[in-house]
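Student: Quick one: the structure is below, and I'll ask about it shortly.
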Amino acid sequence: MPKLQANGIELFYDIQGTGEPLLLIPGFACDYAHWDLLMPSLVAQYQVIRLDNRGIGQSSAPDSPYSIKQMADDAAILLEHISVDKVHVAGHSMGGQIAQELILAHPEKVHSLMLLATLAKGDRRFCSIIETLGDLPRILDPEAYFYVLLPWAVSEEFYSTPGAIEEALKFQMEYPFLPTPHGLYHQSRAIINSDTLDRLPQISCPTLVLVSQQDILTPIKFSKQLAQGIPNAELVILERGSHDFLIDAPDAVSSAMLNFLAQHTR
């Protein structure tokens, strides 16, 4: 798998498929593999580009402050490195914050934007949750942290599916690129310090804002705020899934993404 030196770190990325380029940016505590369940349907039609944000996976995790703008710069350097001039961009959760900063800094690079279970600016409750999720890896072992994080991420339906929790835990504990406590800490602070609210009207490309009605971490009000602030935005609310609907409702998410992309493919 390829890496490049970007913005003072080693940045891991993966490219699969052919067609118009589609950049997928993962969220907090997640690496490129978090998109795996959507990949078969997306790769069938697009050249899918994934990366590990700084602080996670196979990218560097420096023990120094991160910012969402910095991670957007990482993504822009990747696009330049692989000679992609114009791209569809999808970001989940923290990845959606990164996607916003990417298009605000480089509007000429983004053909369309998909903001999944994300926000422009956190309220006090949200920031308190993320602060805690950034602090806990320093005092909990990975299995205990998994059980703390999971209720914020997945739906009651996922919990009710026989074997789903056990399978998810097994995958997590056997994964060879577990995040570091300091990487999660610095990602969490980047999330808390991010604010695009006043700049949303500057986003002019076609935009899909996608959220689950069961999302308790980034609730619907955050997505409504995005859709109201971005001039050319469409809000879609899914009945299935929760915050991490890439895992517990991947078919619904990929269908919504592909329907949107079909309207905006060049």
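The values are calculated or read from the model by the stated rules, or taken from the named source; none is laboratory data. Source: prediction; values computed, not measured. Methodologically, a virtual Cβ is constructed for each residue, glycine included, from the backbone with ideal geometry; neighbour enumeration extends over all protein chains shown. Quick note on the areas: whole protein, heavy atoms, side chains included, nothing else; ligands and nucleic acids left out. Shrake-Rupley method; radii C 1.70, N 1.55, O 1.52, S 1.80 Å.
Student: Quick one: would you say F126 is closer than 23 Å to F245 by Cβ, surrounded by fewer than 21 Cβ atoms within 10 Å (Cβ to Cβ) and in contact with a Phe, Trp or Tyr (Cβ under 9 Å, 6 or more places away or on another chain)? Let's see the steps before the verdict.
Tutor: On the way: closer than 23 Å to F245 by Cβ: yes; surrounded by fewer than 21 Cβ atoms within 10 Å (Cβ to Cβ): yes; in contact with a Phe, Trp or Tyr (Cβ under 9 Å, 6 or more places away or on another chain): yes.
Answer is yes for this residue.
Student: Checking S204 against (1) hydroxyl-bearing (S, T, Y); (2) within 20 Å of the chain's Cα centre (by Cα); (3) outside any helix (DSSP H, G or I), which single condition isn't satisfied?
Tutor: It fails just one condition, (2).
Student: Quick check: anything in the range 111-122 of a type outside the set (K, R) and part of a helix (DSSP H, G or I)?
Tutor: Within the range 111-122, the subset of a type outside the set (K, R) is 111-120, 122.
Remaining after also requiring part of a helix (DSSP H, G or I): none.
There is no residue in the range 111-122 that is of a type outside the set (K, R) and part of a helix (DSSP H, G or I).
Student: Check the range 49-67 and report whether any residue there is in contact with a Leu (Cβ under 7 Å, 6 or more places away or on another chain), part of a helix (DSSP H, G or I), open to solvent by less than 10 Å² (accessible area, probe 1.4 Å) and not aromatic (F, W, Y).
Tutor: Looking for residues that are in contact with a Leu (Cβ under 7 Å, 6 or more places away or on another chain), part of a helix (DSSP H, G or I), open to solvent by less than 10 Å² (accessible area, probe 1.4 Å) and not aromatic (F, W, Y), one finds none in the range 49-67, hence no.
Student: If you check every pair at least six apart or on different chains, which have Cβ atoms under 6 Å apart with a residue in the range 1-13 that is in a strand (DSSP E or B) first and a residue that is open to solvent by 10 Å² or more (accessible area, probe 1.4 Å) and β-branched (V, I, T) second?
Tutor: A6/I77
Student: What are the pairs, 6+ residues apart or on separate chains, where a residue within the range 186-207 that is among the charged types (D, E, K, R) has its Cβ under 9 Å from a residue that is assigned to a loop (DSSP other than H, G, I, E, B) and open to solvent by 10 Å² or more (accessible area, probe 1.4 Å)?
Tutor: Matching pairs, first to second residue: R189/P65; R189/Y66; R189/S67; D195/G122.
Student: Here is a follow-up. Pick out the one residue from L200, L226, L208 that is surrounded by fewer than 21 Cβ atoms within 10 Å (Cβ to Cβ) and either in contact with a Pro (Cβ under 7 Å, 6 or more places away or on another chain) or under 17 Å from I98 (Cβ atoms) (or both). Talk me through it step by step, then tell me what you get.
Tutor: Numbers: L226 fails: surrounded by fewer than 21 Cβ atoms within 10 Å (Cβ to Cβ); L208 fails: surrounded by fewer than 21 Cβ atoms within 10 Å (Cβ to Cβ).
Answer to the check: L200.
Student: A further question follows. Residue by residue through the range 162-197, note down the ones that are of a type in the set (A, V, I, L, M, F, W, C), open to solvent by 50 Å² or more (accessible area, probe 1.4 Å) and more than 15 Å from P142 (Cβ to Cβ).
Tutor: Initially, the range 162-197 is screened for residues of a type in the set (A, V, I, L, M, F, W, C), giving 164-165, 168-169, 171, 173, 177-178, 184, 190-192, 197.
From the residues that got through so far, the ones that are open to solvent by 50 Å² or more (accessible area, probe 1.4 Å) too are 171, 173, 177-178, 197.
L197 - this is the single residue of the range 162-197 that is of a type in the set (A, V, I, L, M, F, W, C), open to solvent by 50 Å² or more (accessible area, probe 1.4 Å) and more than 15 Å from P142 (Cβ to Cβ).
Student: Can L37 be described as buried (at least 18 other Cβ atoms within 10 Å of the Cβ) and not aromatic (F, W, Y)? So that I can check it myself, show each step before the final result.
Tutor: Details: buried (at least 18 other Cβ atoms within 10 Å of the Cβ): no; not aromatic (F, W, Y): yes.
Taking the combined requirement at face value, the residue does not satisfy it.
Student: Restricted to the range 129-155, and to residues that are among the small types (G, A, S) and under 21 Å from P179 (Cβ atoms), which residue is least open to solvent (accessible area, probe 1.4 Å)? Even if it seems obvious, please write down each step before you answer.
Tutor: At the first step, the residues of the range 129-155 found to be among the small types (G, A, S) are 134, 144, 153, 155.
From what is left, the residues that are under 21 Å from P179 (Cβ atoms) are 134, 144, 153.
Working: G134: 0, A144: 34, A153: 16 Å².
Here the residue is G134.
Student: Counting only residues that are of a type in the set (S, T, Y) and touching a strand residue (DSSP E or B) at 6+ places or on another chain (Cβ under 8 Å), which one in the range 31-74 is nearest to Q16 (Cα to Cα)? If you could, list the steps in order and put the result at the bottom.
Tutor: Looking only at the range 31-74, we keep the residues that are of a type in the set (S, T, Y), and these are 32, 41, 46, 59-60, 64, 66-67.
Within this subset, residues satisfying the condition of being touching a strand residue (DSSP E or B) at 6+ places or on another chain (Cβ under 8 Å) are 32, 46, 59-60.
Numbers: Y32: 12, Y46: 8, S59: 18, S60: 22 Å.
Among those that are of a type in the set (S, T, Y) and touching a strand residue (DSSP E or B) at 6+ places or on another chain (Cβ under 8 Å), it is Y46.
Student: Just to be sure, is S112 open to solvent by 30 Å² or more (accessible area, probe 1.4 Å), more than 18 Å from Y32 (Cα to Cα), of a type in the set (G, A, S) and modelled with pLDDT of 95 or more?
Tutor: Numbers: open to solvent by 30 Å² or more (accessible area, probe 1.4 Å): no; more than 18 Å from Y32 (Cα to Cα): yes; of a type in the set (G, A, S): yes; modelled with pLDDT of 95 or more: yes.
No: the conditions fail for S112.
Student: So is S83 open to solvent by 10 Å² or more (accessible area, probe 1.4 Å) and farther than 15 Å from F28 by Cβ or not? Don't jump to the end; show me each part of the working.
Tutor: On the way: open to solvent by 10 Å² or more (accessible area, probe 1.4 Å): yes; farther than 15 Å from F28 by Cβ: yes.
Yes.
Student: Tell me, yes or no, whether the range 95-108 has at least one residue that is part of a loop (DSSP other than H, G, I, E, B), open to solvent by 10 Å² or more (accessible area, probe 1.4 Å) and of a type outside the set (S, T, Y).
Tutor: So the first thing to find is which residues in the range 95-108 are part of a loop (DSSP other than H, G, I, E, B), and the list is 106.
Those still in the list that are open to solvent by 10 Å² or more (accessible area, probe 1.4 Å) too: 106.
Checking the rest, the ones that are also of a type outside the set (S, T, Y) come to 106.
For the range 95-108, residues part of a loop (DSSP other than H, G, I, E, B), open to solvent by 10 Å² or more (accessible area, probe 1.4 Å) and of a type outside the set (S, T, Y): present.
Student: Further question: Only residues that are assigned to a loop (DSSP other than H, G, I, E, B), closer than 28 Å to I191 by Cα and among the small types (G, A, S): list them for the range 15-48, please.
Tutor: So the first thing to find is which residues in the range 15-48 are assigned to a loop (DSSP other than H, G, I, E, B), and the list is 17-20, 26-31, 44-46.
Filter once more, so that each one left must be closer than 28 Å to I191 by Cα: 26-31.
Scanning the range 15-48 gives G27, A29.
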